[in-house]
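Chemist: Below is one structure. I have some questions about it.
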Amino acid sequence: MNDRLKEAGLIGSSIIPTTFKNQVTVHATYGAFGNVQAGQTYSVADTQSEPTVSFNAPPGKDSRFTVVVADPDAPSRDDPKWSPFLHFVLGDVVPGQAAGQSLVTYMGPAPPQGTGPHRYVIAVYAQPVDHTPTLPGQPDDRQSFPLGQFVKDNELGAFLRSSPLRSSAQRTDTPLASVCADLVGATFFYAENK
């Protein structure tokens, strides 16, 4: 997955840090066509309904995750002044137990006509078990979403003290940044309004 993300110019973007190492396989399923295949192009019409997002993190009450869907190409890849444009935030996802709580309702892709294909990233972050993420602004503040601030303020990935994603040797109070990136999994697709 890292190679596909790198080829698409997403590693080191406003959404995916250069230190990212994929730890979970992320699946997004749309009713119109099924599973997203990383790097494939889908019609805007087929991606308007909220996808079902799943990933292969071990189930358990001690694991919670936050899912973010964002567009780094808003309003265009040549002029990404609104990047990242936020499309969805789902918090408190417990693998195998809870589908999560919508913090920002899903808004399907709507790239301006003639701006070329936009990349839509579906990112999964480790979340503290005892804290539901809060937004740095209003849920409708989607342009230029301060993703880094959101991740930092909510300690997404900051510590995985008892997460099954870390080996027992890593289960300490060591900041996650020294072990891996805040982001634990990601996939992406393209959509274009010709």
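The values are calculated or read from the model by the stated rules, or taken from the named source; none is laboratory data. All values derive from a computational prediction rather than experimental measurement. So basically every Cβ, Gly included, is an ideal-geometry build from the backbone, and we count neighbours across all protein chains shown. These accessible areas exclude ligands, DNA and RNA; they are computed on the full protein's heavy atoms, side chains included. Shrake-Rupley method; radii C 1.70, N 1.55, O 1.52, S 1.80 Å.
Chemist: Taking amide H positions as placed in the peptide plane 1.01 Å from N, state which residues far from residue 157 in sequence (5 or more) or on other chains have amide H under 5 Å from it.
Modeler: HN-HN under 5 Å from residue 157: 126, 127.
Chemist: Please give the net charge around residue 45, taking every other residue with its beta carbon less than 13 angstrom from that of residue 45, where Lys and Arg add +1 and Asp and Glu add -1.
Modeler: My count for the surroundings of residue 45 gives -1.
Chemist: Might you tell me the accessible area per residue for segment 50-163, computed with a 1.4 Å probe and given in Å²?
Modeler: Ligands and nucleic acids excluded, the result is 44 Å² per residue.
Chemist: Related question: Under unit Cβ charges (Lys, Arg +1; Asp, Glu -1), what dipole magnitude, rounded to 20 debye, does the chain have relative to its Cα centre?
Modeler: On the way: 14 positive and 18 negative charges, 88 e Å.
Approximately 420 debye in magnitude.
Chemist: Using a 1.4 Å probe on the protein heavy atoms, what percent of the accessible area of the chain belongs to carbon and sulfur? Walk me through the numbers before you get to the answer.
Modeler: Values: 4280 of 9100 Å².
Carbon-and-sulfur percentage of accessible area, whole number: 47.
Chemist: Quickly estimate the mean residue ellipticity at 222 nm for the chain, helices only: each DSSP H run with n ≥ 4 gives -39500 (n - 2.57), and the total goes over all residues, rounded to 500.
Modeler: Taking each H run of at least 4 residues, the total per residue is -1500 deg cm²/dmol.
Chemist: Now a separate question. Taking amide H positions as placed 1.01 Å from N in the peptide plane, with prolines and chain starts having none, which residues 5 or more places from residue 115, or on another chain, fall under 5 Å of its amide H?
Modeler: The answer is 193.
Chemist: Could you work out the local net charge near residue 107, counting Lys and Arg as +1, Asp and Glu as -1, over the other residues with Cβ closer than 14 Å to its Cβ?
Modeler: Net charge around residue 107: -3.
Chemist: A further question on this structure: How much accessible surface does residue 43 have with a 1.4 Å probe, in Å² rounded to 10?
Modeler: Accessible area, nearest 10 Å²: 50 Å².
Chemist: I need to check one value: relative contact order of the chain, counting alpha carbon pairs closer than 8 Å and at least 6 residues apart, in percent. Write out the running numbers ahead of the final one.
Modeler: On the way: 458 pairs, mean separation 54.7, N = 194.
Answer for the chain is 28 percent.
Chemist: Another question, if that's okay. Which semi-axis lengths, in whole Å and largest first, follow from the square roots of five times the eigenvalues of the Cα gyration tensor of segment 1-144?
Modeler: That gives 24, 17, 16 Å for the three semi-axes.
Chemist: Only four residue types carry charge here, +1 at the Cβ of Lys and Arg and -1 at the Cβ of Asp and Glu. Report the dipole size of segment 118-160 about the Cα centre in Debye, rounded to the nearest 20.
Modeler: Charge dipole of segment 118-160: 220 debye, to the nearest 20.
Chemist: Count the net charge of all other residues whose Cβ sits under 13 Å from the Cβ of residue 191, scoring Lys and Arg as +1 and Asp and Glu as -1.
Modeler: -1
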